[in-house]
1. For log10 I(q)/I(0) by the Debye sum over Cα atoms at q = 0.09, 0.10 Å⁻¹, one of [x] -0.48, -0.58; [y] -0.54, -0.67; [z] -0.40, -0.50 was computed from the structure I shared and the rest are decoys. Which label?
2. Hand me the tally of lysine pairs in the stretch 118-214: alpha carbons under 16 angstrom apart, and the pair either on different chains or 8 or more positions apart.
3. Placing one identical point scatterer on every Cα of the stretch 118-214 and ignoring solvent, what is log10 I(q)/I(0) from the Debye formula at q = 0.19, 0.22, 0.25 Å⁻¹?
4. For the pair N253/K209, report the inter-label distance in nm, with labels modelled 7 Å from Cα in the Cβ direction.
5. At a Förster radius of 25 Å, what calculated FRET efficiency corresponds to the Cβ-Cβ distance of K54 and K271, to the nearest 0.05?
6. Net charge around I185, counting only other residues with Cβ within less than 13 Å of its Cβ (Lys, Arg = +1; Asp, Glu = -1)?
7. Give me the extension gain from K305 to K103: residue separation times 0.36 nm, minus the current Cα-Cα distance, reported in nm with one decimal.
8. Which residues in the stretch 235-252 have a backbone N closer than 20 Å to a point placed 7 Å from the Cα of V24 along the Cα-to-Cβ line?
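The values are calculated or read from the model by the stated rules, or taken from the named source; none is laboratory data. Not measured: the values here are computed from a predicted model. So basically every Cβ, Gly included, is an ideal-geometry build from the backbone, and we count neighbours across all protein chains shown. All accessible areas refer to the heavy atoms of the entire protein, side chains included, with ligands and DNA or RNA removed. Shrake-Rupley method; radii C 1.70, N 1.55, O 1.52, S 1.80 Å.
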Amino acid sequence: MNRRNFITATLSAAGLAACGKKPVDANAPLRFGHFPNITHIQGLVAHALSRQGKGWYEERLGVPVEWYVYNAGPSATEAIFAGSLDVTYIGPSPVLNAYAKSKGQEVRVLAGAANGGSALVVRPAANIHTPADFKGKRIATPQLGNTQDVQLRAWLSDNGIKVTATGGEASVLPTQNPDQLALFIKGDIDAVWTVEPWVSRLELEAGGKIFVEDKGTFATILASSTAFVKERPALAKKLVAAHAELTEWIQKNPKEARELIKSELKELTTKAPSEELLDQSLPRVVLTTDVGREGLDAMVVAAQKAGFLKDIPALDALLPQL
């Protein structure tokens with residue numbers, strides 16, 4: 001091949017590489033995330049069934065499922081940005097932050113999953129009786145920018161308490177859920193805004209008292225990368241249907257679901273939750289498949305009060321039509 005023909009062939013190959021992306025393998029595994037929280041009931045149940053060889057999603061989608069477990073939402077959205085996660089159960093705030101950060105390009109919301117199940121819990125010895133008493137206090141959340149972190153910061157702002165990323169009139173300390181209990185017992189933190197089962201553990205094991213209980217906000221939604229929706233639209237549609245079917249099955253089979261939740265939490269945390277813990281935490285979580293635009297708009301407002309989401313695109317593209 002002479003030099004001229006070589007250059008022509010090279011440029012043609014480069015053009016094909018740039019314009020023609022390799023098709024996604026239809027049988028590629030679905031990379032699925034969730035957290036070890038009771039607000040992620042569908043994830044816990046489905047993961048437990050996968051361990052038993054009775055995969056709920058595997059049977060309905062016809063592809064293998066690879067499960068990934070995260071402490072909080074920002075870690076999961078980082079995995080979506082990295083192209084290593086397709087879909088996840090997650091709180092709304094990290095999704096909105098990822099949507100804003102990527103200028104509306106990288107993440108999509110497929111369905112609702114659960115409401116409620118989160119609360120602000122105070123340590124009795126901290127002498128917190130009114131919102132003003134949070135001044136000078138140390139308050140933990142699961143991770144900077146996660147849903148409970150945003151809720152806490154917005155709530156403090158609404159009650160006239162100024163906080164910043166690193167200080168202010170109260171200290172907000174991003175702390176992984178498993179570490180919150182020990183710090184709470186030791187008195188190193190005065191309060192925690194977190195989700196079930198950690199809310200109930202703080203009550204039952206450390207004498208914590210609920211100061212604010214959030215019963216209505218989205219605790220968990222089903223979100224995916226935009227690439228997943230675009231490249232595997234038929235699978236995305238099947239996934240939403242399978243998620244709705246799973247949600248209904250859990251609602252109709254609470255005893256079986258409870259045992260699966262218990263076994264999966266034991267796998268993930270090395271300790272099975274007590275019956276008392278399940279009795280207290282499960283009723284606080286309301287399963288749903290709905291995800292209303294109004295609720296997402298309210299979360300945007302909360303995030304802006306908290307100092308996040310200074311600029312976010314219109315949410316129209318966030319909710320795709322499958």
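1. [x]
2. Details: K135/K162; K137/K162; K137/K186; K137/K209; K186/K209.
Value for the stretch 118-214: 5.
3. The computed values of log10 I(q)/I(0) come out as -0.79, -1.10, -1.48.
4. 4.2 nm
5. Numbers: r = 24 Å, r/R0 = 0.95.
According to the calculation, E is roughly 0.55.
6. Details: positive: R123, K186, R201; negative: D179, D188, D190, E203, E205.
Charge balance in the 13 Å sphere: -2.
7. Values: separation 202, 0.36 × 202 = 72.72 nm, distance 1.98 nm.
Gain in length upon complete extension: 70.7 nm.
8. Residues passing the 20 Å test: 235-244.
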